[in-house]
1. Name every residue in segment A:82-98 that is assigned to a helix (DSSP H, G or I) and more than 14 Å from every other protein chain (Cβ to nearest Cβ), in order of residue number.
2. Check A:K51 against each of (1) crowded, with 20+ Cβ neighbours inside 10 Å; (2) modelled with pLDDT under 95 and name the one condition it does not meet.
3. A:G371: out of contact with any Cys (no Cβ under 9 Å at 6 or more places or on another chain), more than 21 Å from A:Q103 (Cβ to Cβ), assigned to a loop (DSSP other than H, G, I, E, B) and modelled with pLDDT of 95 or more, yes or no?
4. Those residues that are over 23 Å from A:V154 (Cα atoms), aliphatic (A, V, I, L, M) and free of Cβ contacts under 8 Å to residues at least 40 places away in the same chain, I need them from segment B:100-121; list them, please.
5. Among the listed residues A:I289, A:I294, A:I284, A:I325, identify the single one that is surrounded by fewer than 24 Cβ atoms within 10 Å (Cβ to Cβ) and of a type in the set (V, I, T).
6. If we keep just the residues of segment A:105-116 that are in contact with a Phe, Trp or Tyr (Cβ under 7 Å, 6 or more places away or on another chain) and of a type in the set (A, V, I, L, M, F, W, C), which is farthest from A:V332 (Cα to Cα)?
7. Answer with yes or no whether B:L71 is in a helix (DSSP H, G or I), in contact (Cβ under 8 Å) with a residue 24 or more places away in the chain and among the hydrophobic types (A, V, I, L, M, F, W, C).
8. Among the residues of segment A:7-42, which ones are part of a helix (DSSP H, G or I) and either in contact (Cβ under 8 Å) with a residue 60 or more places away in the chain or in contact with a Pro (Cβ under 8 Å, 6 or more places away or on another chain) (or both)?
Amino acid sequence: MGMTMGEKILARASGKDLVKPGEIITAKVDLCMSNDGTTHLNIDIFENQLKAEKVFDPKKVIFIVDHNVPSESAKTAQVHKKMRIFAQKHDIPFYEGTGVCHQIMIEDFVVPGQLVIAADSHTCSYGGLGAFGTGVGCTDFTSVMHTGEIWLMVPETLKFEIEGSFKAGVYARDLILKIIGDIGANGANYRIMEFGGPAVKKFTVDDRVVLCNMAVEAGAKTGLVEPDQIAIDYAKARGRHDMNLFTSDEDAVYEKTYQYNLDELEPMIAIPHCVDDVVGVTQIGEVKIDQGFIGSCNNGRIEELRAAAQILQGKKIDPYVKLLISPASKAVFLEALAEGLIDIFVESGAMVLNPNCSVCWGSCQGVIGEGETLISTGTRNFKGRAGHPNSSVYLASAATVAASALTGKITDPRGFVV
Amino acid sequence: MIKGKVWKFGNDVDTDQIIPSQYLLLPNVEEMKQYTFEPLDENFASTVCPGDIIVGGENFGSGSSREQAPLVLKALGISAVVAKSFARIFFRNAINIGLPVVICKEVYDAVEQKDTLEIDVLKGTIKNVTKDRNFTSTKLPAHVMNILEAGGLIGFLNKK
């Protein structure tokens with residue numbers, strides 16, 4: 001019996017020829033990463049509870065300050081200082097204010113075939129490069145940082161076969177919202193979501209990451225796309241050549257297979273307060289907005305910024321709406337500057353922010369007030385996620401957010417794109 | 001044996017409801033715990049008693065990987081969380097900090113706010129003492145039970 005690519009990555013990481021769903025393995029971790037959302041607790045556990053002195057491998061432990069940066073309070077500044085001092089002491093890679101952690105990991109570290117553990121739920125993003133990334137809490141993370149190992153249960157795999165091609169104004173973001181709406185917020189609980197089919201084979205790494213990043217919103221342990229020349233070229237262009245190209249066997253066993261055709265897909269919106277409450281933009285009715293946000297580990301890359309710029313070019317946003325745009329990393333920011341996208345955003349009336357988690361994290365920049373409505377390319381629309389407990393978050397593509405910022409209400413972007 | 005009074009919540013209780021983002025960077029859990037469940041019940045933290053039990057529906061603890069979610073529950077003295085199903089990261093985190101998490105499909109519809117439950121995690125049994133009804137829960141794999149019995153992953157690693 002064959003294995004899925006996820007099973008193969010876990011087999012390699014645990015030194016086995018074969019693993020099966022339900023089996024508990026001890027796996028060696030290729031990389032681990034933690035951000036300022038929890039690292040202060042990790043350091044406390046590492047130093048005071050484990051009484052550890054060294055990280056397992058300083059080249060494989062990465063600290064990234066991306067959640068509350070620049071710091072909005074003295075207490076946050078103290079947390080960042082604690083991370084900085086630890087990183088210096090242990091001589092581990094440290095990033096502060098240069099991007100959302102997952103985008104930095106994809107740009108600078110991840111290669112196909114790796115097992116990556118990080119103290120953040122959206123670690124599943126790395127499946128866009130054919131790596132098995134999964135999020136853990138601070139105790140698990142600290143244990144990994146110290147030992148380089150983790151126990152994992154091998155999950156079942158769900159397969160998503162995608163065919164067709166996007167119509168103008170429809171994006172990978174709409175596809176993943178549609179899938180989560182269909183299978184539900186725990187539709188893939190404890191499972192791998194493997195995305196494939198003729199359409200995904202043509203996707204850029206950015207679009208593959210969009211799919212895998214939100215696998216956790218359906219409860220999945222990770223999302224994966226088989227690595228191919230597109231993934232290899234991405235890693236090699238950034239100087240990374242050692243990789244393992246795991247693909248699923250013909251006779252691999254999937255718990256279930258789902259089929260999607262992009263020709264039939266329209267722009268999708270997740271309505272408050274759950275990510276699986278998803279409707280087509282044409283069914284949304286009139287929803288006035290107070291703020292738009294484009295950014296996050298899901299949707300703040302160059303392709304999304306281009307889609308937004310195409311809509312905003314030469315136009316002004318509604319005078320009573322704020323539009324906040326945060327490129328996902330320094331590299332994305334520089335690319336957007338070189339392409340003139342930032343000029344378009346600023347001219348349209350948008351506020352361009354430093355690369356960070358920003359509004360998606362809901363405690364640093366662009367927090368919304370009581371009764372306010374946000375339309376966002378972020379990862380979650382939970383109650384109070386973007387600020388006041390009595391506020392509303394709608395999730396949509398960058399194009400839909402841009403179109404909505406122009407009109408002041410949730411708007412179908414297809415009327416704005418050519 | 002765990003025994004306590006029930007606080008009942010619905011499906012898809014996410015980690016932003018358990019402890020909102022804006023409190024996560026407070027220096028420690030003692031400062032965070034007063035905000036537990038603030039979006040759902042702002043009086044929760046001031047009225048919960050040590051030993052109380054949380055009962056949830058499907059997908060309890062969905063969303064972020066913040067270990068602060070089970071940590072604030074434990075800091076307030078919650079003795080166990082029983083749910084129809086758990087989101088996987090919350091489930092791992094709870095085990096790792098020594099907070100018992102119990103999967104049981106049936107008990108949810110047969111329990112009301114303030115009922116008293118008795119839970120035996122090892123045996124996989126739950127009794128609604130108030131209503132005198134018995135249920136079975138999913139037993140944890142041996143490896144996971146060992147971590148829980150050591151009081152969490154740190155205790156487990158330090159014992160090794």
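1. Within segment A:82-98, A:R84, A:I85, A:F86, A:A87, A:Q88, A:K89, A:H90 meet the criteria.
2. Here A:K51 meets the rest and fails (1).
3. Yes.
4. B:A110
5. Result of the check over A:I289, A:I294, A:I284, A:I325: A:I284.
6. A:L115
7. yes
8. Those that are part of a helix (DSSP H, G or I) and either in contact (Cβ under 8 Å) with a residue 60 or more places away in the chain or in contact with a Pro (Cβ under 8 Å, 6 or more places away or on another chain) (or both): A:E7, A:K8, A:I9, A:L10, A:R12, A:A13, A:T39, A:H40, A:L41, A:N42.
The values are calculated or read from the model by the stated rules, or taken from the named source; none is laboratory data. In this text, all values refer to a predicted model and were calculated from it rather than measured experimentally. All Cβ positions, even for glycine, are placed from backbone atoms using ideal geometry, and neighbour counts span all protein chains on display.
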